[in-house]
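**Q** Please see the structure below; I have some questions.
The values are calculated or read from the model by the stated rules, or taken from the named source; none is laboratory data. This one's a predicted model, so the numbers in the text were calculated from it and none came from an experiment. Note: ideal-geometry Cβ built from the backbone for every residue, glycine included; neighbour counts use all protein chains shown.
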Amino acid sequence: MSVSIKSAREIELMRAAGKILAKVHETLGKELKAGMSTWEVDKTGDEIIRSFGCIPSFKNYNGYPASVCVSVNDEVVHGIPTKKRIIRPGDIVSLDIGVIYKGYHSDAARTHGIEEVSPEAALLMERTRQSFFEGIQYAKEGRHLHDISNAIATYAESFGYGVVRDLVGHGIGTRLHEDPQIPNYRQRSRGIRLRAGMTLAIEPMINAGRYDVEWLNDNWTVMTEDGSLSAHYENTVLITSGEPEILTLTADER
Ligand code: MF3
Ligand code: CO
């Protein structure tokens, strides 16, 4: 395993890619409404990404057919947009987006509630988001990678939630997926030592029920096995000697 350390110049490009992706999420998040098909969400997202001079990194990645992963309710991640799937009030919709700017990737996901969602759904979304922030308390030079994993898992499991195990976060840079893999569930080992200049996509995927997931026949869409709701929250993060720099925070989060 080799984890890349970004130079000052590369960090600037990662910051720029992250800033644009935050803007994409802000813009698409505002457009997202009941009555839209998930295909329309992807099409709108694709246009927004390109309007900022970026390339959507997911499009055609290992054959994935869209620019935005749109995952509704019990879909965990990698939902494939279709004209038939109409977003309805009360749904929770995860939008996972990756962009490439001047050769550098950023990757971020948000789960949105459509109009009024159940209290259960609202709590799941909020706690999934918070699990990320619990994790990144340890995202600094000198700490170990699995300190992040364990903090996410401890927090999420305290509510009885299932932390997805079949998918993990990842290093990111000139490629979408770089070393290391970043599990969100509890680890026995400490994992690698974190160093300033590492850039990581940390992405808890949390189920209201059990952690087990299954793949649909489309070979992409990941669903909760028990039919429970699932939420996803992801940012691209720069490790420094002090506080981590979250490169993909939206304006309302800063
Ligand atoms: N955030 C996801 C990941 O890191 C999205 C990838 S979707 C794919 O794996 F289509 F690009 F595979
Ligand atoms: Co990712």
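**Q** Give the number of residues within segment 176-191 that are touching a residue at least 60 places away in the same chain (Cβ under 8 Å) and surrounded by 15 or more Cβ atoms within 10 Å (Cβ to Cβ). Quick ask: steps written out before the conclusion?
**A** Initially, segment 176-191 is screened for residues touching a residue at least 60 places away in the same chain (Cβ under 8 Å), giving 176, 178-180.
Add one more test, that the residue is surrounded by 15 or more Cβ atoms within 10 Å (Cβ to Cβ), and what stays is 176, 178, 180.
Final tally of qualifying residues: 3.
**Q** Being over 15 Å from residue 20 (Cα atoms), assigned to a strand (DSSP E or B), touching a residue at least 24 places away in the same chain (Cβ under 8 Å) and within 16 Å of ligand 2 (Cβ to nearest atom), is that true of even one residue in segment 241-252?
**A** no
**Q** Looking at segment 41-52, which of its residues are within 19 Å of residue 85 (Cβ to Cβ) and in contact with an Asp or Glu (Cβ under 9 Å, 6 or more places away or on another chain)?
**A** Within segment 41-52, 41, 44, 45 meet the criteria.
**Q** Ok, one more. I'd like the residue in segment 69-114 that is over 19 Å from residue 247 (Cβ atoms) and charged (D, E, K, R) and, out of all such residues, is surrounded by the most Cβ atoms within 10 Å (Cβ to Cβ).
**A** Taking the candidates together, the pick is 75.
**Q** Do we find that residue 250 is at pLDDT 95 or above and closer than 18 Å to residue 12 by Cβ in this structure? Quick ask: steps written out before the conclusion?
**A** On the way: at pLDDT 95 or above: yes; closer than 18 Å to residue 12 by Cβ: no.
Here the answer is no, as residue 250 does not meet what is asked.
**Q** Would you mind telling me which numbered condition in (1) in contact (Cβ under 8 Å) with a residue 60 or more places away in the chain; (2) near ligand 1 (Cβ under 10 Å from one of its atoms); (3) among the β-branched types (Val, Ile, Thr) residue 68 fails?
**A** (1)
**Q** So is residue 156 in contact with a Gly (Cβ under 9 Å, 6 or more places away or on another chain), more than 17 Å from residue 248 (Cβ to Cβ) and without any contact (Cβ under 8 Å) to a residue 40 or more places away in the chain or not?
**A** no
**Q** Further question: Of the residues in segment 175-225, how many are closer than 28 Å to residue 63 by Cβ and either within 15 Å of ligand 1 (Cβ to nearest atom) or not hydroxyl-bearing (Ser, Thr, Tyr) (or both)?
**A** So the count comes out to 32.
**Q** Of everything in segment 152-173, what is surrounded by fewer than 22 Cβ atoms within 10 Å (Cβ to Cβ) and more than 15 Å from ligand 2 (Cβ to nearest atom)? Give them in sequence order.
**A** Selection gives 154, 155, 157, 158, 159, 160, 165.
**Q** Right, another one. Before we move on, is residue 66 assigned to a loop (DSSP other than H, G, I, E, B), buried (at least 23 other Cβ atoms within 10 Å of the Cβ) and either more than 14 Å from ligand 2 (Cβ to nearest atom) or hydrophobic (A, V, I, L, M, F, W, C) (or both)?
**A** When the stated conditions are applied, residue 66 passes them.
**Q** Consider residue 240 carefully, then state whether it is surrounded by 16 or more Cβ atoms within 10 Å (Cβ to Cβ), out of contact with any Pro (no Cβ under 7 Å at 6 or more places or on another chain) and at pLDDT 95 or above.
**A** yes
**Q** Another one. Find the residue count for segment 222-240, including only residues that are within 16 Å of ligand 2 (Cβ to nearest atom) and either within 19 Å of residue 80 (Cα to Cα) or out of contact with any strand residue (DSSP E or B) (no Cβ under 7 Å at 6 or more places or on another chain) (or both).
**A** From segment 222-240, those within 16 Å of ligand 2 (Cβ to nearest atom) are 222, 230-238; that's our starting set.
Going one step further and asking which of them are either within 19 Å of residue 80 (Cα to Cα) or out of contact with any strand residue (DSSP E or B) (no Cβ under 7 Å at 6 or more places or on another chain) (or both), we end up with 222, 230-234.
Residues meeting the conditions: 6.
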